[in-house]
């Protein structure tokens, strides 16, 4: 019975979440370079997934889109600016996986539903 109620609650609450804009979009960096990406997430967590499946997030301080990282259960800019045409160095090779972001997103959604 508890599983039925939980499943019903999750189905209803999923309908209330506002999805991000669907489709590709062009994003502009501070140096006027551009890249294509797709907005992902909802009101609980949102990010940009680039054409080559990198996870980036807007950094308000630098006004650039940076590679994202998870810190203290938050998706934050790493300080490493995303440059789509640049060959990445070994120090930049560890990027955030889509699975890690989706796991955090689900945790935030569940927490948001419990604490509206």
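The values are calculated or read from the model by the stated rules, or taken from the named source; none is laboratory data. Remember, it's a predicted structure, so these values are computed and weren't measured experimentally. Here Cβ is always computed from backbone atoms with ideal geometry, including for glycine, and neighbour counts include all displayed protein chains.
Structure notes:
- Remark: residue 104 falls outside the filter, which requires a residue to be buried (at least 17 other Cβ atoms within 10 Å of the Cβ), in a loop (DSSP other than H, G, I, E, B) and either modelled with pLDDT under 90 or touching a strand residue (DSSP E or B) at 6+ places or on another chain (Cβ under 9 Å) (or both).
- Candidates 53, 49, 60, filtered to the one that is under 18 Å from residue 79 (Cα atoms) and in contact with a helix residue (DSSP H, G or I) (Cβ under 9 Å, 6 or more places away or on another chain): 49
- Sub-7 Å Cβ pairs linking a first residue in segment 31-50 that is without any contact (Cβ under 8 Å) to a residue 12 or more places away in the chain to a second residue that is assigned to a strand (DSSP E or B) and buried (at least 16 other Cβ atoms within 10 Å of the Cβ), at least 6 apart or interchain, are 34/27, ordered by first then second residue.
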